[in-house]
Amino acid sequence: RYGGLATRMPKYALVFLFLTMAAVGLPGTGGFVGEFLVLLGVFQVNTWVAFFAATGLVLGAAYMLYLYRRVVFGRLTRDDLKDILDLSPREVAMFAPIIVLVIWMGVYPSTFLDPMHASVAKLIDNFELAKAATSGLSVAAR
């Protein structure tokens, strides 16, 4: 069982909080853009599926925040963690580009979405063609 890591590792707790909030979908992070685009796309196809997807996002966020609270706060009970060190400068240097990238994805998502536009448009066209062909077959079969 982990718990109380904030007392021994405050820098780690801060990085963990940021990445947890990004995974939850905090606005300004890449997680928000991804969740928003998924919900927008699903809502256009089926509102019930969008409802269940949104419910899953809320439950996932609740679990992530529960996990964070259990790991970071509370009493430090494990003896092997009482001597653990906080992030070293090398580890901070490893996390820094990840954090910058997560923020960049949230603030300027077009940097990442525009290069994919042609491929996604082709997938949507193929999907629409298959859907039209399937609906045409089902009408002809009646």
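Here are a few things to note about the model shown:
- If the condition is being under 13 Å from the mean Cα position of the chain (by Cα), farther than 30 Å from K82 by Cβ and of a type in the set (S, T, Y), then the stretch 7-56 contributes only T29.
- Here G28 meets each of (1) without any contact (Cβ under 8 Å) to a residue 12 or more places away in the chain; (2) assigned to a loop (DSSP other than H, G, I, E, B); (3) of a type outside the set (A, V, I, L, M) with one exception, condition (1).
- A96 fulfils the conditions (1) surrounded by 12 or more Cβ atoms within 10 Å (Cβ to Cβ); (2) out of contact with any helix residue (DSSP H, G or I) (no Cβ under 7 Å at 6 or more places or on another chain) except for a single criterion, (1).
- Filter pass, V58 being β-branched (V, I, T), within 17 Å of L14 (Cα to Cα) and either surrounded by fewer than 13 Cβ atoms within 10 Å (Cβ to Cβ) or out of contact with any Lys or Arg (no Cβ under 6 Å at 6 or more places or on another chain) (or both): no
- The criterion of being assigned by TED's automatic domain parsing to the domain that holds V15, more than 16 Å from P10 (Cβ to Cβ) and charged (D, E, K, R) does not hold for D86.
- Top-ranked residue of the stretch 64-112 - restricted to ones that are in a loop (DSSP other than H, G, I, E, B) and among the small types (G, A, S), ranked as farthest from G4 (Cα to Cα): S88
- Of residues in the stretch 61-93 being among the hydroxyl-bearing types (S, T, Y) and modelled with pLDDT of 90 or more, the one surrounded by the most Cβ atoms within 10 Å (Cβ to Cβ): Y68
- Just one of the numbered conditions (1) exposed (fewer than 12 other Cβ atoms within 10 Å of the Cβ); (2) not in a helix (DSSP H, G or I) is not true of P115: (2).
- Selection of the stretch 31-76 for residues being closer than 27 Å to D114 by Cα, touching a residue at least 60 places away in the same chain (Cβ under 8 Å) and β-branched (V, I, T) yields only V33.
The values are calculated or read from the model by the stated rules, or taken from the named source; none is laboratory data. This is a predicted model, so every value here is computed, not measured. Glycine also receives a Cβ, built like all others from the backbone with ideal geometry; neighbour counts cover every protein chain displayed.
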